[in-house]
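What follows is calculated from the coordinates using simple rules that are stated; it is not laboratory data. Given the structure is predicted, the values throughout are model-derived calculations rather than measurements. As a convention, Cβ positions derive from the backbone with ideal geometry for all residues, glycine included, and neighbour counts pool all protein chains shown.
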Protein chains: 2
Amino acid sequence: MKFFKASILFFSLICSTVLFSQTDEAMFKNIYKASLTNGKSYDWLNYLSNQIGSRLSGSLGAERAVAWAKEELEKVGLDKVWLQPVMVPKWVRGAKEYAYIKSSEGKTTTVNICALGGSVATPALGLKAKVVEVHNFEELEALGKAQVEGKIVFYNRPMQADLIQTFEAYGGCVNQRYQGALEAIKYGAIGVIVRSMNLRLDDLPHTGSMTYGDLPIGKRIPSAAISTNDAELLSTMLKLDPSIEFFFRQNCKQFKDVLSYNVIGEITGSEFPNEYMVVGGHLDSWDLGDGSHDDGAGVVQSMEVLRLLKELGIKPKRSIRVVLFMNEENGLRGGTKYAEEAKQKGEKHLFALESDAGGFTPRGFSFDCTDAVFNQVLGWRHLFKPYLIHFFEKGGSGADVGPLKTNTNVLAGLRPDSQRYFDHHHASNDTFDAVNKRELELGAATMTALVYLFDKYGVNNVMALKN
Amino acid sequence: MKFFKASILFFSLICSTVLFSQTDEAMFKNIYKASLTNGKSYDWLNYLSNQIGSRLSGSLGAERAVAWAKEELEKVGLDKVWLQPVMVPKWVRGAKEYAYIKSSEGKTTTVNICALGGSVATPALGLKAKVVEVHNFEELEALGKAQVEGKIVFYNRPMQADLIQTFEAYGGCVNQRYQGALEAIKYGAIGVIVRSMNLRLDDLPHTGSMTYGDLPIGKRIPSAAISTNDAELLSTMLKLDPSIEFFFRQNCKQFKDVLSYNVIGEITGSEFPNEYMVVGGHLDSWDLGDGSHDDGAGVVQSMEVLRLLKELGIKPKRSIRVVLFMNEENGLRGGTKYAEEAKQKGEKHLFALESDAGGFTPRGFSFDCTDAVFNQVLGWRHLFKPYLIHFFEKGGSGADVGPLKTNTNVLAGLRPDSQRYFDHHHASNDTFDAVNKRELELGAATMTALVYLFDKYGVNNVMALKN
């Protein structure tokens, strides 16, 4: 009798697995087909990139992007679409920067720089000083005040080319850009030039955020990124002639915070409307290109997830939200605000997925979750295999969804192929033409498939079955 | 005693596995690092693409590419470098093609076409006729002589966008291009226009090989590819006005076969010099772009495999050959010749790997081999995982190495990400700027790693251990 019961249980488990599994396979097929043959993500990105353009927090572009995204989400026919107010910093680059290297004989060579986001301006007529090159903060400390004071510190540690995941190479370098000025100020430096975070040698400077901590305005020194080609040039010239001078001029300015918005759309859950699942990217971008990869791609892919669910007639059990976060690049105010309000309202967020690593061919996801949930995900691998999604690892998710983390929920990040990302990241060539339609659409479909599974099976389902 | 012996055996197996495994991991690291930080593949491709350019069999470009490749391989310091003579077809496009659609009111619209490789010319003043649109040979047959005779057949079946592996979408369409004329001739057609094999909508016609079987010259009809945008236009205009005419002019010509060469380099094996392993790509390309992806990438990656082995001081047990095949695109004479001579000389070819799917991020390999060898490969998966190489499937290898197949050897094909491949394939935008340095270098390293393993462990090793 016991055996009989067990057999029935086993048999029903097999049946339901096969049944579920067939349904899921069919649904995956529908999702990818809809995205690849009749998707909206590429057209949306075309508009966002080419008709709106760059969208730095507080800019007209950001304002227009908010209005556009709300309008487009309303057209999709979601249950709710709204704007969540959030105060954001407003930093403006001003006129194009100008810089040159001056040899000790007085010959000048123009180089390509751009102010780092948040930097102060140089004096109106520019800043000229001798240069010390360092590769890390230890070298800077070793030089000390004696050799740094009154000079420009030139950080020139390149991204490590033999790291396969380029975000690791970025992680290994970005402290030069973010904290470089703060460290250099300790030793009396009067300016900072940072090698662009770029694995290629080319002529484009790459901007990005930097910090002065809580130093008073009077102590802050101007900071700029220099193209990788010009970083090589400056380094070579310094070796030949340590007394060369570097001149740069930038008139960027930090204004008072201004009002902006996260754009949110929701399909309300049919069974558990008070359980929330978020998919998102950030609507703001740096000001040099049009932010197509960073993070226009994540924005339109996230919008596409909800549009695909609607188009395919999937009625989620849980409430699925698309959140287009404002101000990821220089403040994370949008992500912080969304999580704060969710907490205040006691909204239970089970799951949040961010796409903020470019619109390249999706390779998989990284998950910030318990082992039990990760095992649940591994059980879904076979569903993703026909779509060449193989990468499932534990790790970070995305900056904007980060503040939603609890002990039990799941944060995830889409992981596209990263080889080309830093060719464009925060530079003037982060533009629509650098995004491939199919690669973008595959990402949107892959995100939709994961959202579909977590909505259908919930979080921690595997453990529930075992208990 | 038996237990004791078994334990020792088990212990030594574990030890040797761990030992081997550590060594292999370190070697993989060296291989990828050397390719990504100090590789030659990208510089080589720059020269081949931008200083030599397109290399259709029998062209001056092909001749220069042969001389260049031989010279570069000699610089690498291989044990032997030589040219293998092979007679190849010589087809010349001639002046740029010209085509227009003429409405029944006499208005003309210019469209973008290119002659298919091997096609005959139109009459010197061009060819003008009414058009019938079909999507496959069944539709053509159904129309029959009554509706086809004296007309131009327009094949307009698009590549299927929801197939994830784009080579499958290509496989599902390419019979229109290859056999389209042969089929249309049966029903009295006087010309053929084929929708370009391209997943995007753009203005570029994509050439490629076509056949007339053994039809006499007098029966052959001119065939051309039309850009996807213009295929859409032609289709729309036909629906509005079935009596429109299509005009095209091309003056391509097939000449007598000419002498060319496969370029071969070898590192002679230290233990089994008479066992051969081949790595290769094809040196010829179509004439419209500069053949950077098809197959400049495969050429320089294959050269880089042997260079990396040398640079890293790996002395292979078996003889490793790089073979740069001539005439893959319109005849496969090089691949056929190489296999014929190998057979005549009784050379035992254990393994052959081809790279001919573009210089994009490598995803893995497909293997044409026994289940035993495939299991051997699967045992190596963990070594490739840190390099994000996940795709190991049984399947085809490459056209050039195909003729080397035996019952016991291993043929393999590098499988890069395929999403962008057909944007460039056989078109004027298959150019150097479309190749990413890191993606190309990762492919070369991945190939080197596989060659290293097969050389070290041999083929069928797993079965040998079991026996």
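Over all pairs of different C-alpha atoms, the range A:310-467 has a mean inverse distance whose reciprocal, the Kirkwood radius, equals 16.7 Å.
Along its three principal directions, the equivalent ellipsoid of chain B from the Cα gyration tensor extends over semi-axes of 46, 23, 20 Å, largest first.
Within straight-line reach of A:Lys96, meaning a Cα separation under 28 Å, sit the following lysines at least 8 residues removed in sequence or on another chain: A:Lys107, A:Lys128, A:Lys130, A:Lys151, A:Lys219, A:Lys253, A:Lys256. What separates the B:Asp241 label point from its copies, with the point 7 Å along Cα to Cβ, is 6.9 nm, written shortest first. Quick one: if the Förster radius is 45 Å, what FRET efficiency do A:Trp82 and B:Leu60 give, using the C-beta to C-beta distance and rounding to 0.05? The formula returns an efficiency of 0.10 here. Here the extension length gained between A:Thr109 and A:Glu232 equals 43.0 nm, from 0.36 nm per residue of separation less the Cα-Cα distance. With the Kirkwood sum run over all distinct C-alpha pairs, the protein assembly as shown has a hydrodynamic radius of 30.6 Å.
Taking packing as the residue-averaged number of other Cβ atoms within 10 angstrom, the listed peptides B:158-168, B:322-332 run from highest to lowest as B:322-332, B:158-168.
Counting only DSSP beta bridges with both residues in the range A:94-251, the antiparallel share comes to about 55 percent.
Helices in chain B, meaning DSSP H runs of at least 4 residues, each add -39500 (n - 2.57). Divided by all residues, the mean residue ellipticity at 222 nm is -12000 deg cm²/dmol. Neighbour counts of C-beta atoms inside 10 Å place A:Thr361, A:Thr211 in the sequence A:Thr211, A:Thr361, starting with the fewest.
Mean projection of the Cα convex hull over all viewing directions, computed for the range A:127-213: 6.0 nm².
Take A:Leu201, push a point 7 Å out from Cα through the beta-carbon direction, and compare it with the same point in every other copy: 4.2 nm, smallest first.
With the convex hull constructed from alpha-carbon coordinates only, the range A:94-251 shows a mean projected area of 9.0 nm² over all directions.
Could you tell me which of rounded, prolate or oblate describes the range B:282-362, using a ≥ b ≥ c as the square roots of the eigenvalues of the alpha-carbon gyration tensor, with rounded for a/c under 1.5 and, failing that, prolate when a/b is larger than b/c and oblate otherwise? The shape class here is oblate.
Counting Cβ atoms of other protein chains within 10 Å of each Cβ in A:331-339 and taking the mean gives 0. The P(r) of the range A:101-152 has a tail past 13 Å containing 73 percent of all C-alpha pairs.
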